[in-house]
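The values are calculated or read from the model by the stated rules, or taken from the named source; none is laboratory data. All figures in this text were calculated on a predicted structure; none of them were measured in a lab. Cβ placement follows ideal geometry from the backbone for every residue including glycine, while neighbour counts extend to all protein chains displayed. Just the protein is used for accessible areas: all its heavy atoms, side chains included, with ligands, DNA and RNA removed. Shrake-Rupley method; radii C 1.70, N 1.55, O 1.52, S 1.80 Å.
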Amino acid sequence: MLKIKQILIIFILLLISSDYIISQTTYKKLALTKQDSAQIIKYTENYEIYISKNDLRNSSDFLNQIAEVYWKHNHFEKSADYYLQSLKLNEKLGNENGMAGIHSNLGMIYSDLGQYQKSVDHLMQAVAKRRKEKNTISGRENLFNSLLNLASALKQLGRYNEAIKYLKEALNYAQEINNLEKIAIFYLQLAEVNESAGNQAEAKNYTEKYMTFYKQMQDEEVSKSHIAMENERLKSEQISLENRLKEMELQEKTVELEQKVIEVKKYVSKADSLANTLSKEQLAKKLIEQQAEQERLNQQKRLILLGSVFSIVSIIAILLYYAFRQKKKANIELENKNKEILRQQDEIIAHRDLLNIKNKELDKKNNQITESIKYAKLIQTAILEREMGLNEYIPESFILFKPKDIVSGDFYWYTETNNKLLIATIDCTGHGVPGAFMSLIGANILNQIVLNNKITEPNEILEELHIGVNIALNQKHTGNDDGMDASIFVIDKKRKILSYAGAQNPLIIIKDDKLEEIEADDISIGGPYREQNNEFTKKEIKLKGDTYIYSFSDGYQDQFGGTNDKKFMLNRLKKLFMDNHKKDMNEQKEILNNTIENWKRESRTKQTDDILIIGLHLKF
């Protein structure tokens, strides 16, 4: 490890000889599969059809597809040839966007070939054209990538000042839109280029800025959680208001029904009164007729009878007037209630509109965050070794890599030095964006330990990785306990020996149809608290005949699913290895992937954690 703390922190955070997009790795050409050859033939036929019709745009598209097939299999010269043909067609069309994309691809291809001046020439063209699109989201993303690639190619040529100029341009664009993830990445790149140029003070300055933004992004993750909780609360309040409105409408209808019942009862009462009155009049008339002959019925009795009739009529009139007044009063009260309901309804609508505005703002922020995480995925993919690249060292091998989110806290790492192949499976604390940042730190420290410090013993690598994480996260003073579990094994091809050391993660070896679990040490990497006597131990296994090796994080066996929604568990995973270890490695990878997907589907469970498994078949 470096002796001066400041220099160590810088080198831990910087990328070792691999820029975010452009790589210096020398790639081995991969053989084209029958499917690839069939695709090239089909694309060529389509190209000839469209070029005969002078349809330049479709012709260009099929040339690009042929170039992509060759590029994917590291046939860089052929890929560049087809892209150059497509470039000429796009120049005739005046298709600026198409020309920018092809120049960018050619820049990366020539860099893979080590022809950095050609790479710079094409990337200069790409940047010039991408600047015209910087006001759109996709255009700005493309411009960021082109500037990063250009700066990386210039660095390889030793033209550090020019590289710094383009990185600062990209940093200014990122600061204009206040994109914290991109600002942090550009600080990291500026620190690395300044370090290469010998500008130690600038390198230290940009490294400190990078660490500040890393902390700020962690705080934003917490803020996002609070926003989500507030959103749920507002939605719950909206539902409550809507239920209240329905209750008020029901109450209004109930009042109307009760009012109608009262009116019916009153009308029935009036009808009964009128009927009684009518009966009394008929009786009076009958009595008068029967006693008409009697002269004793004097004027006084008739007056009494007339007075009674007048009284009854007066009572009916009073009852009708009282009923009218009551109905008018009820109508006024009902009108007032309707006005109150309308007022509350207006408040509910206004509240609902406010909720809709806030929901749109939250959706916009979520989209911005998602776009930033997708960009971080591009950066992480560029830093990690290629999944297919392991086949160049061990032809019969596979890597099953299934991040839980867009970016991953698990990562794999491999390299070859001094006739030794080193392979690591790392499980960082957490997943998503925080886990991805930990994976960047871990990959950089491993490069320092193995490529710079020339350490190849697995137990010593884990010890140095523990120290590096402590220093990078300043855990001694902050109390931060983030870290990682790891499995590292070294294949010494000359001595035919496999050396292994593990931090919580075991190693599975199958030989002669017998499965053996090589246990890891019960120690994690990182964290400020660790007993002094705890050290990582090295185990050695002699390699002879067919040997199958499996290294993995805990994401697969901890996945919930099945009919009872339980964990998959390690024993079930070991049985899966044992049952299928003699099959082709690509078939094993497909079986592992299909098994865990079916396991999740049985209980409709989402992925619990990042999943990473590396499988090898060695023959000695």
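When the stretch 471-620 is described by a simple charge dipole with +1 on each Lys and Arg Cβ and -1 on each Asp and Glu Cβ, the residue from T547, A486, I509 located farthest towards its positive end is T547. In sequence order, the stretch 466-471 has phi-based couplings of 4, 5, x, 5, 4, 6 Hz under the Karplus curve 6.51 cos²θ - 1.76 cosθ + 1.60, θ = phi - 60°, and Gly or Pro positions carry x.
Take the stretch 474-605 with all the other protein chains still there, run a 1.4 Å probe, and you get 55 Å² of accessible area per residue. Taking a Cβ cut-off of under 9 Å around N505, the surrounding Lys, Arg, Asp and Glu residues balance to a net charge of -3, with basic ones at +1 and acidic ones at -1. When only the Cβ of Lys, Arg, Asp and Glu is charged (+1, +1, -1, -1), the dipole of the stretch 476-543 relative to its Cα centre reaches about 580 debye.
Think of each Lys and Arg Cβ as +1 and each Asp and Glu Cβ as -1; about the Cα centre, that makes the dipole of the stretch 515-620 roughly 360 debye.
Pairs with C-alpha atoms separated by more than 20 Å, drawn from the list K28/K544; K92/K129; K511/K574; K72/K165, are K28/K544; K72/K165.
Could you compute the net charge surrounding G562? Neighbours are other residues with a C-beta less than 15 Å from the C-beta of G562; K and R count +1, D and E count -1. Don't skip to the end; give the middle numbers.
Details: positive: K566, K567, R572, K575, K600, R601, R604, K606; negative: D558, D565, E597, E602.
The answer is +4.
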